[in-house]
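Heads up, the thing below is written out as structure tokens.
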Amino acid sequence: MRSEPFVLEEPLAPAVLTANQSDVTAARPALVPVVERVYRHRLPVRISHWLNVPILMILIMSGLQIFNAHPALYWGDRSDRDQSLFAIRPMKTESGEMRGITTILGRKFDTTGVLGYSDGRGRAFPAWATVPSAKILAMGRQWHLFFAWLLVVNGLFFTAYALISRHATRDLAPTGKDLRGIGKAVKDHIVLRHPKGEEAKRYNVLQKLAYLVILFVVAPLIILTGLAMSPTIDTAFPWLLTIFGGRQAARTIHFIACFTFVGFIVIHVVEVILTGFFNNIRSMVTGWFVVKHEAGR
């Protein structure tokens, strides 16, 4: 730390001036960062969060198993092989070699080894990414349906708690000040500059918007489109298919919404690592989050 400059009516010898400045600096105590513990996540939030980890993992992997039974997406109510929006298939080249080809809106990409053809077998998603790993559609559906209802129950529990405790309005709803600073927040995230001090105690505007979109738009969309694909539900609520534009359209929306959720999870995990892995994990296990304030602030 630099001492304040001396104001002298008469000049002193350089050696005397340096000594005085050194004495003043030594007399001032060194400032150290202040560590504050904040109770950031209450018990219901932590329980719901950790229940979601295995639930979502099984849902995603069993969903890929179901997709493998017919690895293509369409719009409307019909599945025309030549008019798919998205498809993953094994194809044989002119030389007789098998390749995995992913087609998106008519454009073909070679994804051999990951999608379409892997481990010497033709399948959309590889065995390590599906539950069960073997191509057993009936079992995949059973796993998917069971864990889908667990997700619904857990989601209703969290939503009820968030509304009753005002967690949704207090911690998740962005304020006018938050929204006015969204441009700065985007720039900060691009250059990996994250909130510190007082700002680190609460969710930033991008977190709030992401959580709200996932909780109240993407998750309900996944559930409703999933129900729309069930013949039993269609019989009881035929208007569901009408809303989504047909069974194949509902399946496509379901797939897109699911991978939006997967994208959110990936970004979420990356941010947890970048902003302090152990501190973030501790806060989601015990509730306590450590905030370091810069010296003198």
Practice problem: Go through the range 277-297 and give me each residue that's farther than 18 Å from Trp50 by Cβ and touching a helix residue (DSSP H, G or I) at 6+ places or on another chain (Cβ under 9 Å). | Solution: Val290, Val291, Lys292, His293, Glu294, Arg297
Quiz item: Does the range 89-106 hold any residues that are among the hydroxyl-bearing types (Ser, Thr, Tyr) and either buried (at least 16 other Cβ atoms within 10 Å of the Cβ) or in contact with a Gly (Cβ under 8 Å, 6 or more places away or on another chain) (or both), and which are they?
Solution: Thr102, Thr103
Self-check item: Subset of the range 115-130 [of a type in the set (S, T, N, Q) and within 25 Å of the chain's Cα centre (by Cα)]
Solution: Thr130
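Can you pull out every residue in the range 170-186 that is in a helix (DSSP H, G or I) and either of a type in the set (Gly, Ala, Ser) or within 19 Å of the chain's Cα centre (by Cα) (or both)? Write out each step before concluding.
Looking only at the range 170-186, we keep the residues that are in a helix (DSSP H, G or I), and these are 170-172, 176-180, 182-186.
Matches in the range 170-186: Asp171, Leu172, Gly176, Ile182, Gly183, Ala185, Val186.
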Quiz item: For the range 223-241, which residues satisfy the criterion of being aliphatic (A, V, I, L, M), over 27 Å from the mean Cα position of the chain (by Cα) and assigned to a loop (DSSP other than H, G, I, E, B)?
Solution: none
Practice problem: Looking only at the range 242-297, count how many residues are touching a residue at least 60 places away in the same chain (Cβ under 8 Å) and part of a loop (DSSP other than H, G, I, E, B). | Solution: 8
Quiz item: Within the range 32-44, is even one residue under 30 Å from His167 (Cβ atoms), in a loop (DSSP other than H, G, I, E, B) and in contact with a strand residue (DSSP E or B) (Cβ under 6 Å, 6 or more places away or on another chain)?
Solution: yes
Practice problem: For Leu221, state whether it is surrounded by 18 or more Cβ atoms within 10 Å (Cβ to Cβ), free of Cβ contacts under 8 Å to residues at least 60 places away in the same chain and at negative phi. | Solution: yes
Quiz item: Mind checking whether some residue in the range 191-211 is among the basic types (Lys, Arg), over 24 Å from Arg78 (Cα atoms) and without any contact (Cβ under 8 Å) to a residue 24 or more places away in the chain?
Solution: yes
Quiz prompt | Matching residues, the range 131-169, being more than 22 Å from the chain's Cα centre (by Cα) and closer than 24 Å to Ile233 by Cα | solution = Ile136, Leu137, Ala138, Met139, Gly140, Arg141, Gln142, Trp143, Leu145, Phe146
Self-check item: Any hit, the range 217-231, residues being among the polar types (S, T, N, Q), assigned by TED's automatic domain parsing to the domain that holds Leu145, touching a helix residue (DSSP H, G or I) at 6+ places or on another chain (Cβ under 6 Å) and modelled with pLDDT of 95 or more
Solution: yes
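Pick from the range 107-143 the residues that are assigned to a strand (DSSP E or B) and of a type in the set (Gly, Ala, Ser): which of them is surrounded by the most Cβ atoms within 10 Å (Cβ to Cβ)?
So the residue we want is Gly116.
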Exercise. Tell me which residues, restricted to the range 99-138, are among the hydrophobic types (A, V, I, L, M, F, W, C) and touching a residue at least 60 places away in the same chain (Cβ under 8 Å).
Key: Ala124, Phe125, Ala129, Val131, Ile136, Leu137
Quiz item: What are the residues in the range 186-208 that are more than 19 Å from Ile273 (Cβ to Cβ), surrounded by fewer than 18 Cβ atoms within 10 Å (Cβ to Cβ) and in contact with a helix residue (DSSP H, G or I) (Cβ under 9 Å, 6 or more places away or on another chain), if any?
Solution: Val186, Arg202
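The values are calculated or read from the model by the stated rules, or taken from the named source; none is laboratory data. This one's a predicted model, so the numbers in the text were calculated from it and none came from an experiment. As a convention, Cβ positions derive from the backbone with ideal geometry for all residues, glycine included, and neighbour counts pool all protein chains shown.
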